[in-house]
Amino acid sequence: MKICFMLGGFTQNGGIGRVTSILINRIASDCPDIEIVTLSYFKTGKPNLYSIHEKIEQTFFLDKYCNMSKLMLTGGVKKLKKFLFDNEIDVIIACGALFYPICVNAVKNTDKKCICWEHTDPQRNSDHKGQNLCRRYGVSRSDINVVLTKSALDVYKNIFNAHNTIQIYNPIEDTVFKYFKGYDKSSKRIISVGRLTYQKNFENAIEVARRVLPNYPEWTWDIYGDGELREKLQTTIRKYGLENRVNLKGQVADIYRRYHDYSFMVMTSRYEGFPMSLLEGMGNGLPLISYDISTGPNEIINDSKNGFLVKNSDSESMVKSISRLIDDSDLREKMSNYCIKMSDNFKEGKIVEQWISILKQL
């Protein structure tokens with residue numbers, strides 16, 4: 001069997017490239033009867049941020065960027081269909097709604113199959129123009145749809161009427177567990193991880209820090225990631241006099257090694273698909289605090305067991321939850337133990353088995 005994953009690529013920091021790399025690397029390692037090709041949308045000229053198994057063939061659909069709508073009107077489907085036949089692809093997986101229409105049309109009236117893989121909250125339509133149109137067109141024509149959460153599964157079935165839909169969580173990469181050294185209850189450092197973009201809502205994290213940290217002079221809050229809001233966030237940190245208390249650490253290559261240095265993780269996102277940062281924090285035994293947005297955190301955090309779910313946008317409750325964990329090291333340690341127990345449900349071997357089952361079904 002030969003599988004093609006069509007996606008934006010692996011050169012930008014983001015969940016789709018990251019989780020796809022984890023999945024395909026494990027399949028390439030464990031399944032000699034499955035060949036994998038990745039089809040990145042266009043050549044960026046930048047190096048991959050995520051390592052790709054040597055057995056995987058990496059290809060590009062376009063030499064330079066072209067708007068997807070324009071491409072669909074100027075022979076894009078025919079070009080993709082030719083690629084699938086020339087490379088003897090059996091199944092193409094559209095990684096994200098942008099690629100649903102072109103992929104389902106490319107396999108139309110052929111013996112090839114298409115999987116549409118949702119990577120975000122299917123009730124949102126803000127990632128690119130026409131996102132929901134892409135969803136509605138694709139999910140009714142695909143062979144199987146894969147969504148990340150149980151709430152997304154409900155949306156696909158009840159709103160999109162897509163009953164050929166299966167829910168599979170994102171995995172925690174095995175490498176995460178290799179760096180777990182046991183929980184350090186003496187740590188006085190908070191961690192957040194994510195792109196510095198509107199979605200991640202780090203301006204709220206800084207506002208919460210302004211209210212929490214003055215009460216705890218030994219504690220600091222580090223934010224890992226980069227993005228277009230970096231300068232704006234840094235200006236806010238200076239405005240509130242939080243230099244050296246809230247630190248923008250940038251994008252780092254060794255984030256897995258660093259989790260051990262922290263006491264707990266906070267996520268303030270406006271929306272998510274299934275947040276990798278919470279999974280990684282859980283795999284390192286970090287208690288988790290997150291706003292209870294529509295998809296993701298409530299299937300990772302068991303409230304008051306391995307962390308706290310905070311009413312969405314309720315900054316006052318976020319302040320109280322963070323303060324409670326800071327004040328109670330025994331509670332943090334208890335939550336850490338529960339995190340390790342829960343993380344078994346998201347190990348990559350278990351998730352890959354579910355994907356292999358789907359592929360064999362097709």
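Across the accessible surface of the chain, with the other protein chains kept in place and a 1.4 Å probe, carbon and sulfur atoms take up 45 percent.
For the range 1-128, the solvent-accessible area with a 1.4 angstrom probe is 47 square angstrom per residue.
Take 176-187, 47-58 and order them by the average number of nearby Cβ atoms within 10 Å per residue, most first; the result is 176-187, 47-58.
Secondary structure note: in the chain, about 0% of the DSSP beta bridges are antiparallel. Over all orientations, the range 13-170 has a Cα convex hull whose mean projected area works out to 9.4 square nanometres. Annotation: the antiparallel percentage among DSSP beta bridges lying fully within the range 178-290 is about 5. For percent of Cα pairs over 37 Å apart, computed directly from the structure shown, the correct entry in (i) 14; (ii) 21; (iii) 26 is (ii).
Its Cα centre serving as origin, the chain has a Cβ charge dipole (Lys and Arg +1, Asp and Glu -1) of approximately 840 debye.
With the simple spin-label model, which puts each label point 7 Å out from Cα in the Cβ direction, the GLN58 to LYS239 separation comes to 4.0 nm. Using a probe of 1.4 angstrom and keeping all protein chains present, the accessible surface of the range 184-241 works out to 47 square angstrom per residue. Counting only DSSP beta bridges whose two residues both lie in the range 1-104, roughly 0 percent are antiparallel. For the range 122-228, the spread of Cα positions along the three principal axes, ordered from largest to smallest, is 56, 33, 23 Å. With a ≥ b ≥ c the root eigenvalues of the C-alpha gyration tensor of the range 266-362, is it rounded (a/c under 1.5), prolate (a/b larger than b/c) or oblate? Since a/c reaches 1.5 but b/c is at least a/b, the shape of the range 266-362 is classed as oblate.
Ranked by the mean number of other Cβ atoms within 10 Å per residue, highest first, peptides 245-255, 319-329 order as 319-329, 245-255. Residues within the reach of a label modelled at LYS334 (point 7 angstrom out along Cα to beta-carbon, backbone nitrogen below 19 Å), restricted to the range 282-325, are 285-290, 301-310, 320-325. Please identify which residues in the range 275-305 have an amide N closer than 14 Å to a label point set 7 Å out from the Cα of ILE159, following the Cα→Cβ vector. The answer is 294-296.
The values are calculated or read from the model by the stated rules, or taken from the named source; none is laboratory data. Please read these numbers as outputs of a predicted model, since none were measured by experiment. Cβ coordinates were reconstructed from backbone atoms using ideal geometry, including for glycine residues, and neighbour counts include every protein chain displayed. These accessible areas exclude ligands, DNA and RNA; they are computed on the full protein's heavy atoms, side chains included. Shrake-Rupley method; radii C 1.70, N 1.55, O 1.52, S 1.80 Å.
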